[in-house]
Amino acid sequence: MIGIMSDSHDNLDAIDKAVKIFNKSDVEIVVHAGDLISPFTINEFEKLKSEFIAVYGNNDGEREGLRKAYENLCILEDFKEISIEGWKFAIIHGTNQSIVDAIVQSDKYDVVVRGHTHQFEIISGETLVINPGETCGYVTGKQTLVLLDTDELSYQKVDI
């Protein structure tokens, strides 16, 4: 089981709730699709009992500070390719929809995890596209994340 989140935007209360959900659900990996925003958010993410993988988002302006704060937890980059239980994942914030579309259409990945729009969306097809919505709840008023079962790529939307 992996946990997927995005767009936490410094909302420490929402991050705390998400971390507690992931720890209670015994996820093996948490994937964050960008917009962590500030280095001090590391204090919440360090409470995870699982591996943490994250990419930069378009609002992550303090990149050097984030890189230093997160260096013992994960390496932050703009794009990541990972393999989990034989499934190939691409992780990108998704600021440029044309790039997201090209990644999905490449047929190189089983799953593409993206954020940016703050809208929950799952698109099933040859490639499963997961946008967990926003963790922060600032734009939509909804705080969401996804639990993904890697046995069958089945998912559960979780309202925080």
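Here, each number is a calculation from the coordinates, and none is a lab measurement. Predicted, not measured: the structure shown is a model, and the values here were computed from it. Positions of Cβ are backbone-derived with ideal geometry, glycine not excepted, and every protein chain shown enters the neighbour counts.
A few notes on this one:
- Meets criteria (closer than 21 Å to N11 by Cβ, crowded, with 19+ Cβ neighbours inside 10 Å and in contact with an Asp or Glu (Cβ under 6 Å, 6 or more places away or on another chain)) for I29: no
- Looking only at the stretch 74-94, and only at residues there that are of a type in the set (A, V, I, L, M) and over 21 Å from C136 (Cα atoms), the one that is surrounded by the most Cβ atoms within 10 Å (Cβ to Cβ): A90
- Cross-chain or 6+ apart pairs with Cβ under 8 Å, the stretch 113-130 first and hydroxyl-bearing (S, T, Y), then in a loop (DSSP other than H, G, I, E, B): T117/G94; T127/D107; T127/Y109; T127/D110
- Of the helices (runs of 4 or more DSSP H) that lie entirely inside the stretch 1-106, those containing 1 or more residues that are under 24 Å from E126 (Cβ atoms) and without any contact (Cβ under 8 Å) to a residue 24 or more places away in the chain span 97-105.
- Considering only residues in the stretch 1-14 that are of a type in the set (A, V, I, L, M, F, W, C) and surrounded by 24 or more Cβ atoms within 10 Å (Cβ to Cβ), the one that is farthest from F89 (Cα to Cα) turns out to be M5.
- Residues of the stretch 107-126 that turn out to be touching a Ser or Thr at 6+ places or on another chain (Cβ under 8 Å) and among the hydroxyl-bearing types (S, T, Y), as a count: 1
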